[in-house]
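What follows is a single structure, written as structure tokens, with notes after it.
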Amino acid sequence: MIVGCIFATCRRSNDHWIISCSSVQRAFWPASLVKPEIHSRGLLLFLDLLIQIISMSLTIPTIPATHTEPITNLTITKKTKPNTNLSLLHLCNNLREATQVHALIIKSSQITDTYSASRLAEFYAISDNGSLKYAQKVLDSVQEPYTFLWNAVIRGNLIKHNPLKTILLYDRMLRQSVEPDHFTFTSLLKACTQLPAPAIGKQLHSQIVKLGLEYSPFIRNKLIHLYAVSGSISDARKLFDSSTELDIVTWNSMLEGYADNTDGDALHQLFDKMPHRDVVSWNTMIAFYVQVSDFKQAIAIFRRMQENGERPNRVTLISLLSAVSYLGALAQGRWIHAYIDKHGIELDQNLGSALINMYAKCGCLEGAVQAFRQTIQKNVDTWNAMITGLATNGQSLKALRLFSEMECLGVSPNAITFVSVLNACSHGGLVEEGVKHFKMMSQKYGIEPDVTHYGCMVDLFGRAGLFDKIEEIIGAMPMKPDAVMWKALLGACRIHGNLEMGQQAGHQLIELAPNDHASYVLLSNLYAIDDKWDAVHRLRRMMRERGIRKPPGCSSIEMDGVVHEFVVGDTTHSRKKEMYEMLDEMEERLMLAGYKPDTGQVLLHIDDEETKQTSLGHHSEKLAVAFGFISTNPGTTIRVVKNLRVCTDCHSTMKLLSKIYGRDIIVRDSNRFHHFRDGSCSCLDYW
DNA sequence: CTAGGGTTAG
């Protein structure tokens, strides 16, 4: 694109460059190349010209293609006052280069010019190759900094996630009698929202009113957002209602306020009233329903979004994948993956991790591996998602192998990585590996274990029945055990029949999580194994008195993109008759295979042995599997998601069923995955 | 002369 003529001379006057060449030589614009005369002044001028052209501060004359005459003189004019140094700033690729330009600006005394200083400070503050330290230096070095300069540094601190500094800078700005404008306040209010510091926000609001800036739509939207998400939803609404012109951001800010306050009714009302909706509006709705665990509604909103012709973006897809993961709705998850591929959406680290996580939560490791491969730019989150996926799906050794691979590639693990790795060890019964990695995290990577890591160790030792090790680790850790840890211990005591320690753990757990039904149920299960029915009844009574109810067991299975849910003894499904026939057949074949019902964990106080059995036989996961059997071709993998932990009877039943019917059955319970195949389970009968 | 708003996984 750059042009001129062969052996030209380059002259520069105040606001333009002239390239001239002798009339003998023909110059073509814009095809031929420029070769300036090699004398130093001409060369320098020419380089200057090139830089200006690259930084686009020049107006280059266009010459029609029909022009065939030789050109002897070209005049290139400047768009604005030429400022080579500042133009260079935008060509800087790293901080070193920027400081060199900074030096040029100082050398040429340009730094005393407030405009140049501002642009320099802005570059340091905002750009990726910048440095807040240098921005601050520029601010400090200028005799009389003015609003723009302050705004640049303030905004820089906000962008680089330093909201507190942002507000402190504002204080200094006022002391130096620099008047803030609406740009200043938008940054400041955002800082207040991030902190959050609603009280400071209120003070700012009054200053905004004093300065007459309250009618700026930017400021108003930020204020609404701040009030809405920091608990003053009515104040937000007041501002919203008093606004004369509402733009889409105003609506979305208010919408997000209701979402944050989990006020679904107000949210929906507002959403329905919106004159226009954009992708953010829809995303807010979807994220809200994911947040309140109404995943079906989240997907329903997405359907509506599509009907309205709004194209989903990355955020939409991530929220949606999260909903699909919870539901275990693999077909819908696959649809999203196909959508991503079809629209050429690149798997960035977030979307990639969300996709890996979705496949893993649906018990589909092949999909997870594919998504992992497809994510080109992997970060620690990508690796974590894959390691977690392998660990939760019972592929402990593969998880550990992947961890080593990650280390080899020089990716630094973080605290979450170690949660996954330790989980892999505990689920796989790899005590030594677990201990090794537990030590590694602080010794090699300087990551201090938190309560979740200690919890993993309790799980690890608990599974192996090493109760003295557990006491050791609980005694040595610098924090108090949390509910998760007590649950892990209680689980271990149940498996190994350690009534005494289990009792202790159970009571600690009930004290720590008195409103969690699982606390009572786990302890009750422990008692039930030992036939301590008195204790079981006491716990039941305690639950009743405290108004704590065990939610009904509920299992779901996805069929042709529809999620079917079943509860114990469900009789509402349209194919109920076939299902119950299938259940009878299953029971018959189970009996033939030598199955004996395990009634030990029927929590309900049912005396009649036969009723106990029926109640067991109709546990929701069995219904879901029966439905799966009658709805799919032989050999198809059955994937079930359960809201509670699977009981021992269902567990042994599933093992047998997988063998009898020659089917892989994958059950995700509230705690982990069970891949049943050919009579055994990936959890190795420990959960 | 210059700039700016809302949504994101594990």
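Between A:GLY679, A:ALA228, A:ALA197, the Cα set farthest toward the positive side of the dipole of chain A (charges on each charged residue's Cβ, about the Cα centre) is that of A:ALA197. Arranged from fewest to most other beta-carbon atoms within 10 Å of their beta carbon, A:SER652, A:SER118, A:SER353 become A:SER652, A:SER118, A:SER353.
The range A:518-544 and the range A:312-341 have Cα centres lying 40 Å from one another. Ranked for footprinting exposure by Cβ neighbours inside 10 Å, fewest first, A:VAL562, A:VAL380 give A:VAL562, A:VAL380.
Taking amide H atoms as placed 1.01 Å from N in the peptide plane, the amide H of A:VAL640 lies under 5 Å from those of A:ILE666, A:VAL667, A:ARG668, each 5 or more residues away in sequence or on another chain. The Cα-based radius of gyration of the range A:450-550, divided by its Kirkwood radius, gives an Rg/Rh of 0.98. For a straight C-alpha distance cut-off of 20 angstrom, the aspartates and glutamates reachable from A:LYS202 (same-chain residues fewer than eight places away being disregarded) are A:ASP171, A:GLU179, A:ASP181, A:GLU214, A:ASP235, A:ASP241, A:GLU256, A:ASP260. Here's the picture: charge each Lys and Arg Cβ at +1 and each Asp and Glu Cβ at -1 in chain A, and of A:SER242, A:HIS437, A:LEU149 the one pushed furthest to the positive end of that dipole is A:LEU149. Annotation: extensible slack from A:ASP341 through A:THR75 equals 90.8 nm (criterion: 0.36 nm per residue apart, minus Cα-Cα distance).
Relative to the current alpha-carbon distance between A:ILE106 and A:MET591, full extension at 0.36 nm per residue lengthens the span by 165.6 nm.
Between A:ASP113 and A:LEU168, the C-beta separation translates, for a Förster distance of 45 Å, into a calculated FRET efficiency of about 0.95.
Put the Cα centre of the range A:465-506 next to the Cα centre of the range A:255-285 and the gap is 45 Å. Stretching the chain fully between A:ASN350 and A:ARG373 yields a gain of 6.9 nm (0.36 nm per residue, less the alpha carbon separation).
Between the Cα long axis of helix A:467-476 and the first principal axis of chain A there is an angle of about 40°, rounded to the nearest 10. Using a simple spin-label model with pseudo-atoms 7 Å out from Cα toward Cβ, A:LEU91 and A:THR262 lie 5.7 nm apart. Scalar couplings 3J(HN,Hα) for the range A:104-109, obtained by applying the Karplus form with A = 6.51, B = -1.76, C = 1.60 to θ = phi - 60°, are 4, 5, 5, 4, 8, 6 Hz; x denotes Gly and Pro. In terms of other Cβ atoms within 10 Å, A:HIS537, A:HIS182, A:HIS675, A:HIS437 run from fewest to most in the order A:HIS537, A:HIS182, A:HIS675, A:HIS437. Couplings for the range A:510-526, taken from phi via the Karplus curve 6.51 cos²θ - 1.76 cosθ + 1.60 with θ = phi - 60°, read 5, 5, 7, 10, x, 9, 8, 4, 4, 4, 6, 5, 4, 5, 4, 4, 4 Hz in order; Gly and Pro are left as x.
About its Cα centre, the dipole of chain A is roughly 1980 debye, where the only charges are +1 on Lys and Arg Cβ and -1 on Asp and Glu Cβ. Label separation (A:THR637 vs A:TRP533): 4.2 nm, computed from points 7 Å beyond Cα along the C-beta direction. Put a plus charge on the Cβ of each Lys and Arg, a minus charge on the Cβ of each Asp and Glu, and nothing anywhere else: the dipole of the range A:450-550 about its Cα centre is then about 540 debye. A Cβ-based charge dipole, computed about the Cα centre of the range A:149-291 with Lys and Arg at +1 and Asp and Glu at -1, lands at about 600 debye.
Toward the positive end of the charge dipole of the range A:554-681, with +1 on the Cβ of Lys and Arg and -1 on the Cβ of Asp and Glu, the farthest Cα among A:VAL640, A:ALA593, A:HIS619 is that of A:VAL640. Per residue, the convex hull spanned by the Cα atoms of chain A amounts to 238 cubic angstrom.
With respect to chain A, whose longest principal axis is taken over its alpha-carbon atoms, helix A:279-291 is tilted by about 30°. Inter-label distance, A:HIS517 to A:HIS276: 4.7 nm, where each label sits 7 Å from its Cα along the C-beta direction. For a straight C-alpha distance cut-off of 22 angstrom, the lysines reachable from A:LYS342 (same-chain residues fewer than eight places away being disregarded) are A:LYS378. Rg and Dmax, both from the Cα atoms of the range A:391-442 and both in Å, are 10.0, 27.
Just so you know, all these numbers are worked out from the coordinates, no wet-lab data involved. Because the structure is predicted, anything quoted here is derived from the model rather than measured. In this analysis, Cβ positions are derived from the backbone assuming ideal geometry, glycine residues included, and neighbour counts consider all displayed protein chains.
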